[in-house]
Structures are given as structure tokens and as C-alpha cells.
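Here's the structure we're looking at; comments come further down.
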């Protein structure tokens, strides 16, 4: 089976996820600096979630450039990844309601852990579908970045119950790690 | 007619269906783990609905991969299928408002039954639109999962009137059946 429809569905879902997140944003209630300050945490959460969803889409896009074949396992791994990506707008809304406190910040980490596990499963499934000569496999190499970010989220999750700000710092650090372009696939395209 | 636009249209509609469901989910208003509990049921309903819509997308994907062409009847059957599928977010919202009750479980079962039946109609339309040697002919000869699904929902609907949770268990069991990989199909279209 070819990957074209899997890509089309993923693009559709990711486009809608990115777009509905903005519905959660609020205007400052009055024209004072204090009112503007009050919406800043929400704006920050929106920005971080937007960057994360964009990172997943970018990586997905790059990886699927090398993929020639998909199987049922690939479709399911991808669908699981989409499930976690759809939870980002919910996380934004939660942070909006109760602020960047223990629970929503930990939940943000849980969504990131879920998404990164699914992404790793998707990589495995794509390699499994294509066998040893897989273009995805040779381009990925050891998958170091994936494991470093996964470890980051796993650490950040319990830390959120002690200090949400430290967890947020870890999320931002991992995001920056991914903003450095992933040249593994570009060389091959 | 080629299959590309019916695929693109379906992918668009399904992408919107599975994504807008998240708008129905509430967030806990208070801090602390206890505030999470009332939201857990709706979250489970969301996860089940997400899996169900995924399963229907897979079936659509498989049927269309095995087809070479579509005709007007296929397009109508496809629209009929998308109509029932688009009601899934509506039921999720209803579960959010009313909880897992007899009525909401019944409604979910009825919509799932109509989705399963409309896939069967779509399959028949594709079969008629394609030549006898197209992969869809071989695929349709092995439609056991589809039949089992329809039977399971026909059984689950009256059960939902008496014991909603038993019907919910049947819905999960049907989902589990579809999660089993189908290697023979992959060989069919490669």
C-alpha cells in the first residue's frame, strides 16, 4: 500500500489541530498592562504547543519522504500518533482554566510521552514494512534525538508535581533541540 | 472516474470528524487528582470514538486501495457513509452532557450499525464499478469481519436497553477485532 492517503489524513488532522488551538486564545479583558500579563501564560502555552505540533509534522513529512510502503501496523502507529496530537488543544484549554499548575503541566508531559512513543512505533513499523533495505532505516540511524527527547519528557513528568516551571523549561529545551533542522532525510530526498 | 478525489474528500471529512471531537472534551476546573475523575468517562468515550473513526478510515482506505475506479453510485454510497460517520462527534457530545446512559449507548450503537452497513453498501458499489479481476473482488470475498461487525451491533443495540455497560463491552470487543493486523490484505494489494 502506498503512503499517499496516510499523508493526506495526517496533514488534514494536523492542520485542524493547529487551527483549533487558536480558538482557545483570549483577548486581554481590558487595555491595561496587568490584563495583558494575565493572558501571557496562555499565549506561551499556545506557542509551545504550536511548535511541538509543527515539529511532529515536520519530522513526519521528512520521514514519509523516504517511505515507499505502508502496512496495517504503520496505519495504526500513525493513528495513535494523531490521537496524541489532537490532545494538544485540550492541554492549552486546561492551562487557560487553571494556569500552569502541577496537573496540566504534567498532563502536557504525558501527551508528549505518548506522542513520542507513537512516533518511535511509527518509525519501527515503517522499517518493518520495508525490510532491511528501508530508506527510512538508513536515514534514521540510531534515532538519538528521539530517545533524548523521550528521556526529557519522562523526567519532566514527575518533576511537574514539584516544580511546573522546571518541567516547562525541559519542554522548551527539547523543542529547541528539534528546531535545529534534521538533516538525516534532506540529504536523501 | 479515478479514485483520487473521492479519497481526498473522504480524508478531509474524516480528519475534521476526528479532530473536532476534542472540542467536546472538558477540562477539570479545580486543581488536584480528584477533579480528573468526572472527566475520565468522557475521555474514554473520546478514545473509543477516535479508534472507531480510525477503523472506518482503514476500511475505506483498504477498499479504495483495492479499487481501480469509482462511479456515481460509489460517490453516493461514500456520501451516505460519511453522513453516519459525521454523527460520531455528536454522540460524543451527548455522552459529555448526559453520561453513559441507556440512550447515549443506544445512539452510539445505532450510528455504528449504520456506519458498518454503509461500508457494506460502499463495498457493493465498488465491486459493481470494478472489473472481476480487480483486487476488490478478492477482498470482498473475504468480508467476514464486516459481517461480524454488523451482527455484533445488531446484538448490542437491544442489550443497550437493558445493560448499557454490556453493550459498551461489545463496542470495545468489535474495536479489538479490527485492531488485529490483516496480513493477507497487504499481500493482496502489493
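Yes or no, residue by residue, for (1) farther than 30 Å from residue A:69 by Cα; (2) within 8 Å of another protein chain (Cβ to nearest Cβ); (3) out of contact with any helix residue (DSSP H, G or I) (no Cβ under 8 Å at 6 or more places or on another chain):
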residue	(1), (2), (3)
B:29	yes, yes, no
B:56	no, no, no
B:77	no, no, no
B:97	yes, no, yes
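Assigned to a helix (DSSP H, G or I) and either without any contact (Cβ under 8 Å) to a residue 60 or more places away in the chain or more than 25 Å from residue A:104 (Cβ to Cβ) (or both): does that describe residue A:85? So residue A:85 fails the test. Taking the criterion of being crowded, with 19+ Cβ neighbours inside 10 Å, facing chain A (nearest Cβ under 7 Å) and under 19 Å from residue B:94 (Cβ atoms), the residues of the stretch B:1-26 that qualify are B:18, B:19, B:22, B:25. Here is a check on your reading of the model: is residue A:75 modelled with pLDDT of 90 or more, more than 23 Å from residue A:154 (Cα to Cα) and part of a helix (DSSP H, G or I)? Spelling it out, residue A:75 is indeed modelled with pLDDT of 90 or more, more than 23 Å from residue A:154 (Cα to Cα) and part of a helix (DSSP H, G or I).
Out of curiosity, is residue A:89 farther than 19 Å from residue A:163 by Cβ, crowded, with 22+ Cβ neighbours inside 10 Å and within 11 Å of chain B (Cβ to nearest Cβ)? So residue A:89 passes the test.
Scan the stretch A:1-44 for residues that are at the interface with another protein chain (Cβ under 10 Å from one of its Cβ atoms) and assigned to a loop (DSSP other than H, G, I, E, B) and the total you get is 2.
Inside the stretch A:92-122, residues that are within 11 Å of another protein chain (Cβ to nearest Cβ) and assigned to a helix (DSSP H, G or I) make up a count of 12.
Screening the candidates B:64, B:122, B:79 for the property of being over 22 Å from residue A:85 (Cα atoms), free of Cβ contacts under 8 Å to residues at least 12 places away in the same chain, within 18 Å of the chain's Cα centre (by Cα) and part of a helix (DSSP H, G or I) yields one hit, B:79.
The values are calculated or read from the model by the stated rules, or taken from the named source; none is laboratory data. Just so we're clear, the structure is a prediction, and the values are computed from it rather than from any experiment. When we count neighbours, we look across all protein chains shown, and the Cβ atoms used for this are built from the backbone with ideal geometry, even at glycine.
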